Each structure stands twice: as structure tokens, then as C-alpha cells.
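Computed from the coordinates by the stated procedures, all read-outs in this text should not be read as laboratory data. Fair warning: this is a prediction, and the values are worked out from it, not measured in the lab. Here the Cβ is made from the backbone with ideal geometry for all residues, glycine too, and neighbour counts use every protein chain on show.
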Amino acid sequence: MEWIQQLVNGISLGSIYALIALGYTMVYGIIKLINFAHGDVFMLGAFIGFYAIARWEIGFFPALIIAMALCAIIGVVIERVAYKRLRNATRIAALITAIGVSLLIENVVIYFRGASPEAYPEVLPETSINILGVNISSISILILAVTIVLMILLQFIVHKTKIGKAMRAVSLDPDAARLMGINVDNTISATFAIGSALAGAAGVIFGVYYTRIEPLMGVLPGLKAFIAAVFGGIGSIPGAMVGGLSLGVVETVVSALGFSLWRDAAAFVILILILILKPSGIFGKNTREKV
Amino acid sequence: MTEKKTLKRFASVFLASSLIVGALAGCSSNEGTSSTGGSSSSAGESSDVIKIGANLELSGAVASYGSSIKDGAELAIEEINAAGGIDGKQIEFVPVDNKSESAEATNAAIKLATQDKVTAMIAPATSGNAIATAQIANQYKIPTVTASGTAPNVTENEDGTINDFVFRTCFIDPFQGIVAANFASNELEAKNVAIYADNASDYAKGLAASFKEQIEANGGTVVAEEAYVADDTDFKSTLTRIKSANPDFIFIPGYYEEVGLIVKQARELGIEAPLMGADGWDSPTLVELAGAEALNNTFITNHYSSEDPEETIQGFVEAFNAKFSESPNAFHALGYDTVFFIKDAIERAGSTDGEAIQKALAETENLSLITGTFSVDEKHNPVKSATVLEYVDGVQEFNSKVNP
Amino acid sequence: MKKSKAFWVFSVLALVIYAVVQGLISVGILDLYYQNILVQMCINIMLAVSLHIIIGITGQFSIGHAGFMAVGAYFSAIATMKLGLPLPVGLLIGAGVAALAGLLVGIPTLRLKGDYLAIATLGFAEIIRIIFLNVDYVGGAAGMVITNMTTWTYAFVSVVITILVIANFTNSRHGRAAISIREDEIASDAMGINTTYYKVVAFAIGSLFAGLAGGIFAHNFFIIQPTTFGFLKSFDILIYVVLGGLGSLSGAAIAAIFLTIVSSYLAEYPETRMIIYSLVLIIVMLYRPSGLMGTKEITSLFKFGKKGGSQK
């Protein structure tokens, strides 16, 4: 029974990673930039949701939508102000800017409200469902459901809509896409909007599930989500999903074996192994990097 | 093109030289302040102010502890100054932020010792940061008291020598661990216990070690011993492991940020056993994180309780409430007490000389403060009682007082 | 000839700075507070310059430099505190082990490029930190208590050695090979340069001096804890290099000096300090991606009319 319980634990942890990784993988897929600030948009989403629920006393779903909308705007602003100028700059310059944006968001939040943690109010009735001695929290089922729905929605957007087609074109070759009459700037902004909205949603759900939110909460989940995205194959939406769930399960197994202190190390070891052995990830296409 | 280049070059020369000039100017102005600082300190001996520095975690990971101690100390200083100060001298409070980092704690201690030339220092709230200031305190002969640095090696070095100028207002980790173990064995009749400790904190590890020793001496068995790292958010996998060991009591030394989540997740997984922690749990945020219901059947050892009916304690709670409009936690009380501890020593020493105050601090006997009446032992630790509190529907209720 | 002239100028300058500061200390004008700032300045210069050889010269983007600093700090502390060796030996051991760690990390990861390399180095630095966190011999989370042994002299001599070695490396055949990798890896590969070899060598040298800086750091601050060496520390070091100019040794050093002063004045406002840091990082990248000095050295400023060194 213990191991089934552990699997359930791993999947609920993994679906949070997957949710963040979905946005990560989209942004990376289109502009090839590790958006360090993604984890911080996730944090902002959590705080927006918190203030919406605790201060303005609105329900969970309206708060989720507000957080997603505001995060989408924030994501577009970040892209327009900081990243847009850097499209033709070196990778290093872009990455340093991303780190700078990430530090800026964290410290501005700390400046305005301090670094102390905040506890999410209980918005969803949380019950533990006991099936044959395995406890499953109702919220973790919700998270998994939301993640799967969003994944399907994303798959639909990317593969069946016009904007999705534009996204795929830009990610393949921005210059050729521009020649074909695609508005590259708007497409990239749209990608950021969607990715950041997902991060915002993940933030609210994280807050509801784990209760504790704080200004630096996005750093580690952000990195883990990136690992998940790499694991699944950067740019691949089902890959991000599978990568996130696998990472959650792996971490849980490491803890369950009694090595809980090595959990974060395990995630990074996975990252390094994947990068060295199969940089394209599970679902990634084998493309040789252009230089 | 060439013109542009020379212009650029000129700009860089200008920038570089201005940087250097700036650095030099910094140095020279520093010389100025340090020399005047020197003269003012020699004059300061006879001035009407006693400077008490506070090297505290006002930002960073454990800012809530440092800020609480600062608030408590401020209240104490306000009261002392209003009552005429120490031997007619007003206290000047000099708080410095160490950003919750040990290297910054050293920097802050050096600043307090050499720039502000304080008479006494309140050392950082956490043990590691307090240790980072001990050698500075000894070197400059500045009596230093930590309000909440509970690790034994804050005052006592590994080789058994004592840091002459370092003292503390709180009891030490082993004592809390022993109190918790005795409470588990005697009051809760626990036999099979589990320990789930914060591995990223020396405090929690110290508590876990002494708890384990005592519970085994009491005839209990440790059926599971697990650890987590601060900033974790998902504890379910390890808790599942603990649950399968079927303990009838779980000791969780750690800080409220994680403990709140651990308690919540433990109850979600159906762990009904009593949980117990120590002073690191003490924060209103704990109740918000864990939820009042999950916290039922949990206990903590603490320095004091604001529910304690004793008159002096209630007086303090009222005064604190009036100034900060919140109920004081243990860190507030310890910060408050630390100032009175120093004040008492300065009065008995009859001077602001570091060595005289140090001697007086070491000789403190039966000093009655908010967090208890204590004497200082040869290892510079106060011998004082601990309070056991129980959470009932989210409110701390006074359970019992345990004497050493 | 020209090279040795620069060498002598630098040496004399170093001696003069040392003599002046030492004089001020012995007269008592510079008390411990300022000495401590000076030591920190030296540590930061070493860190900046050692990262400069990896990012600025070889063009390999590492954001895990604090990991090697941690290795140096811990191993030098083990040597002095546990084995009772004298400080210089301890510093050498720390630096040596850090270089070894640099090799171990560098050989597998340096085949990665760009952001993958960055994230892999970050991962390794975290792994190093977690290892120290879990080893009770070095105190685990509680950290290791260390006697203060660093003096301003140790710090200054280490800085001089660091700068001399790295400047010489840069001006040597090896350094030119490394620069060619930064400018165009494929072209330099095609020219017959063993790019992996030079990347790993530069990485190991950078790690070595980061380890040395770590050793000085450990013996200056009484206690070292794994939390000190998190990735925020790596970002701090990165800021020095980026601000000073990717490719400029003197730029990195000047930025380190400048930011040490700024940060000790902003000590009272830690959040403001971090906001300013991150804004500076973004603005520099947006408007002057080559940093304040670009790839130029401060010495080249005094050679008007000679061939300027601004490559893009």
C-alpha cells in the first residue's frame, strides 16, 4: 500500500511541475531562451490569487482567471520591455537579462511586502479520499485534472489554430516565418501571454494545495519545471507533461527510499544526464543545433 | 569612426578614474570618520549614553525572528529610558541587519565594534550567525548576548573552552529535546516514536539528537528517523514512510514555515499521532499554514507563554500589545529580556567597561525576567524552566512548566 | 618585451598599493572594519577574475561558480581546522581540490553549449552544495566553525597571484586559443585548436582561483555554511563580470571593487541593493551588452594611437 500511496504523492507533486513546465517549454520552444523569470511569474500568480481570495474575497475560479489574465499581461510586458531587444543578441546576454528580470521581480515583491511567507486561505473544501488505505487529497485530483485539461487545450491551440501554426513556424525559423507574412512579434507575445497565464494558474493552484507562498517560492519549482521540460523534450507539450510527472515520481521515490535530503540533487543529476546523453529529451526531435 | 572611438575611450577613462577617485574618496572620508569615531569614543566613556548594538536578521530567510527580537528589545529600551536609563544614562539602540547570512553577521559585528563602538551587543537570533560574531566579541571585549541562539556551541567551543564574552538569554537545544522526550514518555506514554527533523538547521538537528538520547533512556524506541530540508514544500513521500512505521508520537523539530505544511500533510495522510515541536514552531503563521484543526493534538516546548497567568508576564503582554498591537511571541519576550539581562549586569558592574560587564553577566543569579528566573552557569547558559504548550483549535494553551 | 613591461608595472603598482595600505593599517587609520572591507574586496576580485577567464575569455557561460568557491572553502577549512595544517597549505589544498572539481565538472559539461551549459553548471553547483549539506564531517547544515586566520596580506597576495596567472594565461598561446573559442568555436575547431581541451583548462583554472577565494573567505568569516554558497552567490559573481565587461579582466576587477563598496554602503537596505543590482544587470544587457569596459583592458586606455582592441 505504501508504494501506491507514494505513486499518488509523486503524481500530485509532478502535476505541479508539469503545469509550470508547459509554459516553460512553449517559451523556450519559440525564442530559445531559458526564461528564468517564468518561476517568478508563477510566484506573482500565487500572490495575485492570494490577494484576490483573501482581500477581495472572491471565489477560487474567478481568482484563478484574474491571476491568469494579469500574469499574461505581465509576461507580455516582460517580453516587450526586456527580451524583445535581445532577439539578435548573444545567448549569454539574453540569459543574463532573464536572470536580471527574475531577481528584479523577486526583490520588488520582497521590497513591498517583505520576505515572510503567507498562508493561503482555504477556498476549496479539502477532503481526503481513502481508497484501500491510500489517501488521495481532493485537491491533488483537481490539479491533475486541470493540468490535463490545459495540456489538451494547448495541444489544440498549437496544432489546430492559426496562431498555433504561426507559433510553430516562428519556432522553426523566425526569418522564414516573417517572409511568409507572419507577424513574428505578435506571435512571440502571444506565446508569452499563454505561457505566463499557465504559470499564473500554476501559482494559484500551488497556493491552494501547499498553503505556503513566499517571494522566493518560484526559484526551485522554476528550475525543476525547466528540468521537466528538458526531460520531456524542449518544445514538446506532451513532453512537458510526461517530464513533469516523471520528475515528481522520481523525486518521491528518492524520498521514499529514505534519501529525502538528496531529492533536489537527484533532479539536477537527471538534468545533467539528460543533457549529456539525450539532449533532445524523450519527445524531442533530434535537431542539430545551428551555430 | 575614429572620433567615436576616442570619445568612447575618453568616456571609459573618465568612468574608470571617477571610480578610482570615488574609492579613494571613500577611503579618505572613512579615515575622517574613523579618527573622529576614535576621539568620540574616548569622550563617549563619560557621555550620557550607553550604546547597545543589535546584530539581527532583519531581512532574509529568518527575518521574522530578528525583527521580533528587535521589537522586544525596543520596548525594553523605551521602558528603561523612560524610567531614567541605566544609572542615569540613556540607552541608545543601534540595530544592524545581517541579512540572515553568517558572513554578513561577522561584518555587522565588526561594524558595531569598530564604528559604533557599542558597550554591549545583542547577537544574531540563529546560532550559526551568532557563532560568526563570537570571535569579534572576544577580540573587542564586548559583552554579547544572543536572545535565541540555542546551540550549545554558541558559548562553548568544540575544545571545551568558553567564549568569554558570549552569553544567551534562552535555554539550550539539548534541554528542550530532553523536556520534549520526558513529556512524550511521561504525559503521553509514547513508546514507538518517530523523528522528522529539519536537516538544514543545526538547531533542529541538535534537538533531534538530544530527544533521541533521552527517549531511548526512558525506554522508548525510535521507529523512524527522517529529515527534510528547509524550503521544501512536499513532505508527503517521507510522511508516508513514517506512517508505515506506525509511530505513536512524532517529534518534529524545525521552523514553522515547513512545520506548518508538515502538520497539514501528515493529517491529510491520516497520521493521527500526537506531534511535538519546539520554539521554532512559535508563530501565528503556523496556525494559518497548518489549519487549526490539523494542529489539534500537537505540543511545543517554548520559552514562555503569553497565556501564562503570572502577573509580570501579563504586564509585559499588555505593554507590548499597546505598542505593537499584537500579542508577543517568544522571540519578542526574549528580545525584551535580553536588554534587561544586559541592564542588570551593567548596573551590578557599575561601569560600562566590557570586562566588568562580562564578569557581572557571568555572575548573574536568580534574575527574574519574563521568560523565567535564571542563574548563569559556568558555560554561560541560563538555567531556566521551559513551558509546554498545547494547540487547541489553533490557540496555544498553557500545559505545564518544566524545571531543569 | 612589451609583456614583461606590463608585468613589472603591475608588480610595482601592487607593491605600492600594498605598502600604502599596510602603512595605513600599522598607523591605525584603517581599523578592522576597513580591513574587513578590503579583504572582501580582494575575495570578490578573485571571484570575478576567476569567472572572467571562463565567461569572458573562453566564452563558456557558467552560473555555478559559487560551487567551486564552496569546495575551496570547505577543503581549506578541513586542512587547517581538522588536520591542523598551516593556512597557506590549506589554501593550496582548497584551490587544488577546487581545480580538480572543475575538471570533473568541466569534462562532461563543457560539451554542452549556451544555456544548457549554464543550467548544467548551476545544477552541479547545487549538487556540490547539497553534498556539503549532507556530510556531517564538515558540520552539515550547522556549518564549520573556523578560526580567523586571513589577514589583509594573505588576501592581497592571493589577488596579485590570481591576476598575474590569469593575465599571463590570457596573453599566452593558450589564452589566444581560448579567445578564438569565444569568438567562433567552429572556426577555431577548424583551425586545429583542441577546443574541448582549452575549455576544460580554462574552466579548471577558473575553479582553482574560485577555490582560493573560497579559502580566504572561509578563514575570514568564522563559520561557513552550505547556504552561503547558493546560486545567489553565483549570480553575485556573475554581476561583477557582466558589469565590468565580458572579456575585460580589469573591468571585472573594477566592478568587483566598486560593487563591494556600494554593497557595504547599502548594507542597511538589502532589498534596495538587490533591486539596483538586477536593474543594472538588465539595463547593461539592453544598452551595453559588452559591459562597461567591453573587452578592453584598463591598460589599453593609456595607449592612444595604438591599435585598439574593440572586437565585437
Based on the mean of other beta carbon atoms within 10 Å per residue, what is the order of B:237-247, C:85-95, most packed first?
B:237-247, C:85-95
Can you tell me what the convex hull of the Cα atoms of the protein assembly as shown projects to on average, as an area in nm²?
40.4 nm²
Would you mind calculating the relative contact order of chain B from Cα pairs under 8 angstrom and at least 6 residues apart, reporting the percent as a whole number?
15 percent
Total charge dipole magnitude, segment A:137-291, about the Cα centre, Cβ charges on Lys, Arg, Asp, Glu only, Debye to nearest 20:
400 debye
Which one, B:69, A:186, A:71, is farthest towards the positive end of the dipole of the protein assembly as shown when Lys and Arg carry +1 and Asp and Glu -1 on their Cβ?
A:186
Taking Cα atoms, the helix B:127-140 axis meets the longest principal axis of chain B at an angle in degrees (rounded to 10) of 40 degrees
Would you compute, from DSSP H runs of 4+ residues alone, the mean residue ellipticity of chain B at 222 nm, taking -39500 (n - 2.57) per run and dividing by the full residue count, rounded to the nearest 500?
-15000 deg cm²/dmol
Below 8 Å between Cα atoms, with a sequence gap of 6+, how large is the relative contact order for segment C:37-228 in percent?
45 percent
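Within 10 Å of each Cβ in peptide A:257-267, how many partner chain Cβ atoms are there on average? Round it to a whole number, please.
Average neighbour count from other chains, rounded to a whole number: 6.
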Fewest-first sequence of A:142, B:286, C:292 by Cβ atoms within 10 Å of each Cβ
A:142, C:292, B:286
Distant-in-sequence amide H partners of residue B:373 (H built 1.01 Å from N, under 5 Å)
B:385
What average count of beta carbons from other chains do you get within 10 Å of the Cβ of residues in C:133-140?
3
Under a 5 Å amide H to amide H cut-off, with H placed in plane at 1.01 Å, what residues pair with residue B:50 once short-range neighbours are removed?
B:90, B:91, B:92
Relative contact order for chain A: what percent, with Cα pairs under 8 Å and sequence separation of 6 or more?
37 percent
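Show me A:69-75, A:230-236, B:359-365, B:301-307 ranked by packing, highest mean number of other Cβ atoms within 10 Å first.
Highest-to-lowest ranking by the protection proxy: A:230-236, B:301-307, A:69-75, B:359-365.
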Which residue, B:250, B:290, B:199, has the largest displacement toward the positive end of the dipole of segment B:173-302 when charges sit on each Cβ (Lys, Arg +1; Asp, Glu -1)?
B:250
Anisotropy class of segment C:1-50 from Cα gyration tensor, a/c 1.5 cut
oblate
Quick check on the exposure proxy: order B:49, A:253 from fewest to most C-beta atoms within 10 angstrom.
B:49, A:253
Can you work out the Karplus-derived ³J(HN,Hα) for every residue in segment C:47-54? Use 6.51 cos²θ - 1.76 cosθ + 1.60 with θ = phi - 60°, whole Hz, and x for glycine or proline.
4, 5, 5, 6, 7, 4, 5, 7
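Please list C:138-150, C:49-61, B:151-163 highest first by mean number of surrounding beta-carbon atoms within 10 Å per residue.
In decreasing order of mean packing, C:138-150, C:49-61, B:151-163 become C:49-61, C:138-150, B:151-163.
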In peptide A:132-139, how many Cβ atoms from other protein chains are near each Cβ within 10 Å, on average?
3
Selected from B:336, C:150, B:211, residue furthest toward positive end of dipole (the protein assembly as shown; charges at beta carbon):
C:150
Treating the angle as unsigned and between 0 and 90°, give the value, to the nearest 10°, between the Cα long axis of helix A:219-232 and the longest Cα principal axis of chain A.
70 degrees
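Please compute the alpha carbon radius of gyration of segment B:178-289, then divide it by the globular-protein estimate 2.2 N^0.38 Å. Two decimals is fine. Present the calculation step by step, with values, prior to reporting the outcome.
On the way: Rg = 12.7 Å, N = 112, 2.2 N^0.38 = 13.2 Å.
Ratio of Rg to 2.2 N^0.38 Å for segment B:178-289: 0.96.
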For segment B:135-209 and segment B:348-404, what is the separation of their Cα centres, given in Å?
14 Å
